[in-house]
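Read the figures in this text as sums done on the coordinates, not as results from a lab. Keep in mind the model is a prediction, meaning the values are calculated, not measured. Cβ coordinates were reconstructed from backbone atoms using ideal geometry, including for glycine residues, and neighbour counts include every protein chain displayed.
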Amino acid sequence: MKKYKAIIKIMVVPAIVGTTLFFSSCKRDTSLIDNFTNLKQTPGVTAYNSEVDYTENGILKIKVSSPRTVYYQFAEEPYTEFPDGIAVFTYSDSLTVETTLTAKYAIYNEKTMIWHAKNNIVAKNRKGEVLYTEELFWDQKKHIIYTDANVKINSVNGLVYGRKGLISDETFDHWEVKEPYNGEISL
């Protein structure tokens, strides 16, 4: 019995001394702890080479693919980030591609239902018109896409440039360039 008490004392004393030294040597900087425990800034899900299909009544309407998708479900306003780029395809009821969009970065806010794409955006509609810009928003509630950034559109009538962006329906069939520009601009 005495042998066991001696072993327990040998194990407990170093543990208490080590713990005391550990906690007395730590800084009282709680911001480091907050960074590790702040769920609002922690992604709930990260997916690689993801592809998400959105359907209506069993018919494919939108396909979104991305090399990396990060879902922040614990944020005050949950959002999904596509930090390595995104490709979006919309489909008609007959499953033909109506529009495509690619961008180097995108983010989707669940509450507002607004998509925000940035960097090297290329969007094409079913008429073959191509939009080039650096920033684009898609408001799913209002069914519009818009930007205040410079735009270049290769339309059926030739090149169209805009200094203050554009507004369009979400299929990019009916669009209006804000402050059209007759010369060339840098994008």
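Report yes if residue 100 is surrounded by fewer than 18 Cβ atoms within 10 Å (Cβ to Cβ), more than 12 Å from the chain's Cα centre (by Cα) and either among the hydrophobic types (A, V, I, L, M, F, W, C) or closer than 20 Å to residue 135 by Cα (or both), otherwise no. Show your work before the answer.
Details: surrounded by fewer than 18 Cβ atoms within 10 Å (Cβ to Cβ): yes; more than 12 Å from the chain's Cα centre (by Cα): yes; either among the hydrophobic types (A, V, I, L, M, F, W, C) or closer than 20 Å to residue 135 by Cα (or both): yes.
Criteria met by residue 100.
How many residues are more than 19 Å from residue 126 (Cα to Cα), of a type outside the set (S, T, N, Q) and part of a strand (DSSP E or B) when one looks only at segment 55-92?
Adding up the residues that qualify gives 10.
List every residue pair whose Cβ atoms lie under 8 Å apart, where the two residues are 6 or more positions apart in sequence or sit on different chains, the first residue falls within segment 78-102 and is over 14 Å from residue 117 (Cα atoms), and the second residue, located anywhere, is of a type in the set (Phe, Trp, Tyr) and assigned to a strand (DSSP E or B).
Close Cβ pairs (under 8 Å, with a partner that is of a type in the set (Phe, Trp, Tyr) and assigned to a strand (DSSP E or B)) amount to 78/71; 78/72; 97/89; 97/91; 98/91; 99/89.
Suppose we keep only residues that are on the phi < 0 side of the Ramachandran plot and not in a strand (DSSP E or B) within segment 118-145. Which one would you say is nearest to the chain's Cα centre (by Cα)?
140
Just to verify a result, which residue in segment 146-168, among those that are in a loop (DSSP other than H, G, I, E, B), exposed (fewer than 15 other Cβ atoms within 10 Å of the Cβ) and not charged (D, E, K, R), is farthest from the chain's Cα centre (by Cα)?
Step by step, filter segment 146-168, then rank; the result is 157.
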